[in-house]
1. Quick check on the chain: helices-only [θ] at 222 nm, where DSSP H runs of length 4 and up contribute -39,500 (n - 2.57) each and the sum goes over total residues. Nearest 500, please.
2. So how much slack lies between K585 and V85, counting 0.36 nm per residue of separation and subtracting their Cα-Cα distance, in nm?
3. Enumerate the calculated ³J(HN,Hα) couplings along the stretch 602-617 in order (Karplus 6.51 cos²θ - 1.76 cosθ + 1.60, θ = phi - 60°), each rounded to whole Hz, writing x wherever the residue is Gly or Pro.
4. Could you pull the Rg and Dmax for the stretch 116-217, using just the Cα atoms, both in Å?
5. Given the C-alpha centroids of the stretch 47-106 and the stretch 196-248, what is the distance between them in whole angstrom?
6. Return the distance in nm (one decimal) between the two label points of a simple spin-label model at E338 and S489, each offset 7 Å from Cα along Cα→Cβ.
7. What FRET efficiency comes out for H634 versus S595 if R0 is 22 angstrom and r is the Cβ-Cβ distance? Round to the nearest 0.05.
8. When the Cα atoms of the stretch 421-558 are enclosed in a convex hull and the volume is divided per residue, what value in Å³ results?
Amino acid sequence: MQLSADTGTGKIENRNGIRGGLLEEALRLPLTPGVYLMKDAGGRIIYVGKSRHLRDRVSQYFRDGKKNGKTERMVSSVRSFECMVCDSEIEALTLENTLIKRYSPKYNIKLKDCKSYPYIKLTAGEYPVPAVTRKRLNDGGSYFGPFSGTSAAYSLLSVVCRTFGLPSCRRKFPDDIGRGRPCIYYQMGRCCGLCTGNVDPSDYAERVKSAGAMLRGGIGEVRKTAERKMYEYAEAERYEAAAVCRDTLRALDSLVERQKTVASPDISRDVAATGENSGLSALSVLRIRGGALTDAVDYIIDSSVPDIRGAAMSLLAEHYAGSTDIPPELLLGTGFCEDDAVLLSDYLRGLAAENAAQGGGKKPAQIPVALPQRGEKKKLCVMAEENAALAAERESRRRGRDERVAAGLASLLALEALPSRIEAYDISNFGSEQITAGMIVSEDGAFRKRDYRVFSVKDLDGPDDYAAMKQALSRRLAYLSGEKQGDMSLCVMPDLILVDGGAGHLAVALEALREAGLDIPCAGMVKDGNHRTRTLVTPDGECDIAGDRDLFVFIYRIQEEIHRFTVSRMTAGKRKTLRRSSLEKIDGIGPAKASALLAAFGGLAGVRAAGEKELAGVRGISASDAASVFAYFHGTDAHAEQKAEKEKE
């Protein structure tokens, strides 16, 4: 059910003013849970919120009385609102998260930032394998996290794979079982060798089960099981299996030693609290598993958000949504109230029940959520509050540094405004082949990788950096001039364009801008003998940046990133071409068969070394295909000799 109010043209605005008219409409709302969407004069959604009682919550915004500066700024822009009635507060919380991610309202915390945190995933299927991912999909896999960064996620993933001998390669199971040779990790004893076909499915399932328990924080449980099995194997004189259990125990003990112990070994819980510093707020979620603090994830709440508590609730809901790592207990510190605890308890219980239904586990009775006032639990909440305050302080320092750098860059290049979105371009090629232009984006001091683009330069007689740069920029600028449409990211106007090169590269960039009828500040990044940016070249001459350390580091990072991105894309394109050209020259071998052969034998060297019978054993490769491939690498005489030997047999 949707309810709306609009004061844009009606007599309500004339009689009582905008706020009076909106208040009158808000008082007609029901006292039920729901979500409200605040809109500006242009009909754009600028804020999304939820409430247990829509009438009370929405009407508060338009009543006379003192409000904090953030709320007042938001309310002053509201010209209409829309409400969606929900059956429960949990449904409202879920709907609020969905709408915030869909519309990215100006005054809401950007929940899309939650998605950037990494997870460890156990894939679905007969043979699950672990991997680090930033995307949570409804694909039947089990997701654990989020983690504070990729280093924490990959570190734990490495321990899990090494401890339980799970594969960390890119092979697909069961399709790749029995294909090709096992990798070096199998020879080192760090992988069970699932690809060999010698692993019992029940044994592998037990390994995966233990890995899942460890990722959920049940290190003590896994340790007890490994210790029990070690003694059982030793008594049965299965010493190799007992040694594997021994190594597992050592790995678990090493992991526990590196973690900060904050509770007894049988305690697993999460702790969440908000903190404020330097005008910014943050939410910190501590992850305690097996009595040890294993990780901490921080979310920054922007100063423009009018409702810090509501933002924190939305972030917590998003933090746990889609994850199978639901804590058995959650402690809440500063920034939350008893109503929040009740709502989160029901919400987490629902998520845990969904996970149990998908995995065939036991449905939890409840997930306790508490606001401790004393004792050890209160100390943990204080730790979370301090962690959140430190995160806010770090973010404030980072933003201050970025603003100083932007101001220094604007002053150096005589820009009319501080550059927020900066695009950088570079050219890379492999001789006269794979001429590639890369584009990266820095926005507010951070790399915006989803906006990176690559342009394959075509129709050049040979390597020509200047012509390649002009072609790439002309194709990119066509989106700004309206000549091209479709890619929304390329329709965003940059505040500054940087090209990797000197006066020559700058000249062709300026020519491309003139032809497109655009006036965008542009500069070239000139390297010194050590491949470091020493100056920026502008139409008026060179500007030395060595005297400003922060600015020098910022430009250096941009130049290194654009070089890395462009070279990696060019190299990947060349590698793909080399692989295709070597196998697809053979009659009957297309892209699919070439890929199958390369995957089966680990590359061209493996394909070349394989016999005709081995080649024919690859799925999709017929006997005639195998004969053609073998003859291609070894000559028709070798093929004839092999055929003659088969006939003799």
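1. -15500 deg cm²/dmol
2. Here the answer is 173.7 nm.
3. Each residue's phi maps through the Karplus curve to give x, x, 5, 4, x, 5, 5, 7, 6, x, 5, 5, 5, 5, 5, x Hz.
4. Cα only, the stretch 116-217: 13.3, 38 Å (Rg, Dmax).
5. Cα centres, the stretch 47-106 to the stretch 196-248: 52 Å.
6. 4.9
7. Efficiency, rounded to the nearest 0.05: 0.50.
8. Details: hull volume 16.1 nm³, N = 138.
Cα-based convex hull of the stretch 421-558, divided per residue, equals 117 Å³.
Computed from the coordinates by the stated procedures, all read-outs in this text should not be read as laboratory data. These figures come from a predicted structure and were not determined experimentally. No Cβ is skipped: glycine too gets one built from the backbone with ideal geometry, and neighbour counts run over all protein chains shown.
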